[in-house]
1. What nm distance separates the two modelled labels at S228 and L188, each placed 7 Å from Cα along Cα→Cβ?
2. Tally Lys and Arg at +1 and Asp and Glu at -1 over the other residues with C-beta under 13 Å from the C-beta of N225: what net charge comes out?
3. Which of the listed residues, L242, S197, C98, is farthest toward the dipole's positive end in the chain, when Lys, Arg count +1 and Asp, Glu count -1 at the beta-carbon?
4. Please give the FRET efficiency for D245 paired with E204, using the beta carbon to beta carbon distance and R0 = 45 Å, rounded to the nearest 0.05.
5. If R₀ is 35 angstrom, what is the calculated FRET efficiency for the pair I181 and E17, using the beta carbon separation as r and rounding to 0.05?
6. Report the one residue of L137, C152, Y113 whose Cα lies farthest in the direction of the positive end of the charge dipole of segment 71-186 (charges on C-beta: Lys and Arg +1, Asp and Glu -1; origin at the Cα centre).
7. Helix-only mean residue ellipticity at 222 nm, the chain, DSSP H runs n ≥ 4 weighted -39,500 (n - 2.57), per residue, nearest 500. What is it?
8. At 7 Å along Cα-to-Cβ for each site, give me the label-to-label distance between R117 and S197 in nm.
Amino acid sequence: MKVFRWAVRAGPWQPTEAEWTKAASLIQPEEKERIGKFVFKKDAKSSMLGRLLIRKFLVQETGCLDKHGKPVYPADLSVMFNVSHQGDFAVLAGASGCLPGHQLGVDVMKLEYTGGRDLNEFFRIMTRNFSPKEWTLIKRFPNENKQLKEFCRHWSLKESYVKATGTGITVNLQNLSFHTISTLDPDLIVTDTVLSSSGEKLTEWYFEESLLDAEHCVSLCRNFNVASVEKFEHLSISDLFLGLDPMNSEDTDYTLEFLSKDERP
């Protein structure tokens with residue numbers, strides 16, 4: 001089994017019209033239409049990069065896609081992937097050579113709060129989404145900045161798990177309790193975090209946590225062993241384009257409308 005961990009920085013990307021047109025030609029027509037409906041350029045850029053990550057992964061690992069954008073690959077090659085975008089990053093976690101029952105999820109989170117409310121009030125509103133033990137871990141820090149970072153870390157872990165299981169956040173998140181042991185460090189990949197559900201440890205689940213930069217954490221959840229864990233590989237926009245052909249030759253001149261004169265994607 002081979003596991004991929006890719007990250008691309010969306011925030012600083014200011015595409016020219018030609019570059020945006022090229023990116024649009026590399027994804028499915030229905031995705032172009034969907035992205036074209038975004039109100040804010042930040043969301044459009046992140047979504048576009050997420051689709052390009054998927055396309056690159058599938059082309060690289062399966063060889064080709066059919067006219068609908070679905071992977072075409074031999075029966076003995078099984079792939080899965082999950083994407084996330086938030087803050088300044090879009091990320092993909094993928095694996096090839098998977099077996100039935102294997103599951104994987106990923107979530108990236110910017111370590112900030114922009115809700116406008118007092119942080120304690122925000123925590124009060126979010127009380128039911130975390131277990132009492134998690135709140136103890138979050139609030140053990142003496143200042144609000146560190147509490148917020150631990151909050152975001154726990155939220156990212158929960159998101160990665162519910163994405164891996166496919167249940168979404170409709171489940172009772174308070175029943176999912178993460179015990180974080182090691183501190184996130186720019187030079188480390190944390191693998192000793194433990195998940196319990198209704199008080200019972202879920203030993204079949206493994207978590208990888210790391211920092212993409214000082215302001216973004218990423219959590220990868222899987223229910224299978226790997227030979228080694230690695231940091232997320234940072235890809236450039238050029239890396240994403242490399243090796244990708246337009247989805248349809250007649251679609252190469254397709255141009256997404258810029259969102260507005262002042263809000264280009």
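1. Placing both labels 7 Å beyond Cα along the Cβ direction yields 2.0 nm.
2. For residues surrounding N225, the net value is -1.
3. Of the listed residues, the answer is S197.
4. 0.70
5. Efficiency, from the Cβ-Cβ distance: 0.10.
6. So the residue furthest toward the plus end is L137.
7. -9000 deg cm²/dmol
8. It works out to 2.8 nm between the two label points.
The values are calculated or read from the model by the stated rules, or taken from the named source; none is laboratory data. Because the structure is a prediction, the values reported are computed rather than measured. Virtual Cβ from ideal backbone geometry, glycine too; neighbours counted across all protein chains shown. For accessibility, only protein heavy atoms count, side chains too; no ligands or nucleic acids. Shrake-Rupley method; radii C 1.70, N 1.55, O 1.52, S 1.80 Å.
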